[in-house]
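Novice: The structure is given below, and queries will be raised subsequently.
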Amino acid sequence: ILHRTGSVGKPKVSSASETLLEINPEVLIKTYQERLTEANTGPIIDGYDIVIDGSDNFETRYAVNASCVKKGIPFIMGSVLRFEGQMAVFDTARNSACYACVYPFPPPPEISPTCSRAGVIGPVPGIIGTLQALEAIKIIVGFGEPMTGKLLIFDGLTCRMRVLEVKKDAKCPVCQGT
């Protein structure tokens, strides 16, 4: 949805920004062309009300989660691989689990294929990203029921979605179940 053939070779942050500004030139987009790490995530997300994560690596996802927990910011996580996707809203300020409650540790690299090795079918990131945007809108406007404390699993081969309740882990290394 955000990237096109003409953006091959461009940084994703530039390509996404250009496409979003074409769709809505009134929106303010602030870009960061750097990898999010434990050291820089906190300062980068300062001042934001919601963080929507579509990162393609576990290091970034865990760093963003930890910063969101620390700052009490809702974290809308999306991940995709091949024909599958996951989406969840973690908001420990509203008493929900955090990402690390559900996934305490990243899987070992030898059993966790990357998108670059395993591939992603184009519509799947679009579906997950659209669901993330919907959740952000629901939180911002206060309408509907955000998926806080739930994990949506999408199977593109069957076009089925499952929603699982996720519980806080009292032994969570990030939020300690708070």
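The values are calculated or read from the model by the stated rules, or taken from the named source; none is laboratory data. On a predicted model such as this, the values are computed, not experimentally measured, just so you know. Glycine gets a Cβ as well: all are built from the backbone with ideal geometry, and neighbour counts include every protein chain shown. Accessible surface is based on the protein model in full, side chains and every heavy atom, while ligands, DNA and RNA are left aside. Shrake-Rupley method; radii C 1.70, N 1.55, O 1.52, S 1.80 Å.
Novice: What trypsin sites (Lys or Arg not before Pro) does segment 20-120 have in DSSP loop regions with at most 14 other beta carbons within 10 Å?
Specialist: Lys30, Arg35
Novice: Let me ask you something else. Using only DSSP helix segments of four residues or longer, with each worth -39500 (n - 2.57), what per-residue ellipticity at 222 nm results for the chain after dividing by its residue count and rounding to 500?
Specialist: -10000 deg cm²/dmol
Novice: Could you provide, to the nearest whole Å², the per residue accessible area of the chain with probe 1.4 Å?
Specialist: Ligands and nucleic acids excluded, the result is 60 Å² per residue.
Novice: Longest span of the chain, sites excluded, free of chymotrypsin sites (Phe, Trp or Tyr not before Pro) in DSSP loop with at most 11 other C-beta atoms within 10 Å? Could you put the intermediate results ahead of the total?
Specialist: Details: sites that count: Tyr32, Phe143.
My reading of the result: 33-142 is the longest stretch.
Novice: Oh, and also: Which shape class applies to the chain: rounded if a/c is under 1.5, otherwise prolate when a/b exceeds b/c and oblate if not, where a ≥ b ≥ c are the square roots of the Cα gyration tensor eigenvalues?
Specialist: rounded
Novice: I'd like to verify something in the chain: which complete DSSP H helices, judged by Cα projection on the helix axis, reach 18 Å or more and average at least -0.5 on the Kyte-Doolittle scale?
Specialist: Numbers: long enough: 58-71 (20 Å, -0.34); 123-141 (27 Å, 1.39).
Both cut-offs are met by 58-71, 123-141.
Novice: For Lys12, which aspartates and glutamates qualify as cross-link partners when the Cα separation must be under 20 Å and same-chain residues fewer than eight apart are set aside?
Specialist: Glu22, Glu34, Asp53, Asp56, Glu59
Novice: Then there is this: Report in % the part of the accessible area of segment 1-52 that belongs to carbon and sulfur, leaving out ligands and nucleic acids; probe 1.4 Å.
Specialist: Answer for segment 1-52 is 55 percent, counting heavy atoms of protein chains only.
Novice: Compare Ala133, Ala97, Ala66 in a GNM of the chain, Cα atoms joined below 10 Å, and give the one with the largest fluctuation.
Specialist: Ala133
Novice: I would also like to ask the following. Which longest uninterrupted range of the chain lacks any GluC sites (Glu not before Pro) assigned by DSSP to a loop state (not H, G, I, E or B) and surrounded by at most 14 other Cβ atoms within 10 Å? Walk me through the numbers on the way to the answer.
Specialist: Numbers: sites that count: Glu26, Glu34.
That gives 35-178 as the longest site-free run.
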